[in-house]
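The values are calculated or read from the model by the stated rules, or taken from the named source; none is laboratory data. Owing to the predicted nature of the structure, the values given are computational and were not obtained by experimental measurement. Cβ: placed from backbone, ideal geometry, glycine included. Neighbour counts: every protein chain shown.
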Amino acid sequence: MEESPRKKSGGGQVLDGSNIIELVGNKEVFSTFVEHKFEELDRDRDGELSVKELQPAVADIGAALGLPAQGSSPDSDHIYSEVLNEFTHGKQQKVSKTEFKEVLSDILLGMAAGLKRDPIVILRIDGEDLEEFINGPTFEPEMVASYSEIKSADGSGSLRDYIAKALAKLTVEQGMPLHQILGLLAISWNLLCNHALAMIWTSLENDFDGSGIKRLLSNKFELDKTLNAAIETVSKDRSGKLSKEYLRVALDAVGPTAGLPPLGAVEQMDKVVQDAFNLVNADDGKLLKEDEFKKILTEILGSIMLQLEGTPISVYSNSVVHEPLASSSTLLQPSSEL
């Protein structure tokens, strides 16, 4: 199931998870979707999925999450393993259609929640804006100005150097994604001269201002539910107590609901989190009762919220994805039958 972008003003498109939520929320359509995908994966037609048969589904989910291919990174391989464990419950057992449907629903809704919190803006660059710029009234004066600037800065460069530097000055609005053209020049000069190149320019902006934590803390039912779910991810000793060293694991589990990124994903946020942990001496390794653990975790959330309300953190990133993109499985692609 691929998230179909919705239109955005200015020609862009937004992936916000709404299509995924709509799919999972429609019981009849989702059941048909699962039925079709299950049959694709069930190669031996025994009505259950083995670990081997689940591998294409796990790989596709990883790709949808933006992970590199399995085997390329120990960190990402751990996530692939966790996805597989969600289906098999950590055992080398086969998965029924009902289990497959339940886990797939949870994973898709989790992906949708992430997209709702941090929508991805997509701009498709197919040459139209660039052609409009070239044929427009501003092209000639801008190119003359660029040439003069480049010439005065480096009068000994080659024609190729001049062209590369001029192209690097073009923006996304003019139909060229800034520095990306330099990489294309290095790949193939003829590609630029003779072929149209379609690209997807993705922009992702995250604003961490504490509002997500504030919403969570103001809803006692949701807070208790989230904390209880986080506790389930943490190991307890024989007496049922939890070590404070697991507070980071629990906070990572709370993160999606509280509007926080995973630990290690945003350096500025890691500093804020560390300051909050320092306030409660999170690294002293003491054992806590479950209620005490939840209380300290709530205090950490409150501390992070106050820091972000005082000094919000904004993170902006963008990238170019060349088309077409190959997929090893059709699990997350829409079925033609639906």
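Points to keep in mind about this one:
- Residue count, the stretch 20-45 (criterion: exposed (fewer than 15 other Cβ atoms within 10 Å of the Cβ) and either free of Cβ contacts under 8 Å to residues at least 12 places away in the same chain or of a type in the set (A, V, I, L, M) (or both)): 10
- Residue in the stretch 271-283 that is among the hydrophobic types (A, V, I, L, M, F, W, C), in contact with a Phe, Trp or Tyr (Cβ under 9 Å, 6 or more places away or on another chain) and not in a loop (DSSP other than H, G, I, E, B) present: yes
- Output for the stretch 251-282, where each listed residue is surrounded by fewer than 16 Cβ atoms within 10 Å (Cβ to Cβ) and touching an Asp or Glu at 6+ places or on another chain (Cβ under 7 Å): 262, 263, 264
- Within the stretch 298-315, residues that are within 19 Å of residue 267 (Cβ to Cβ) reach no partner that is at pLDDT 95 or above with beta carbons closer than 8 Å at six or more positions or on different chains.
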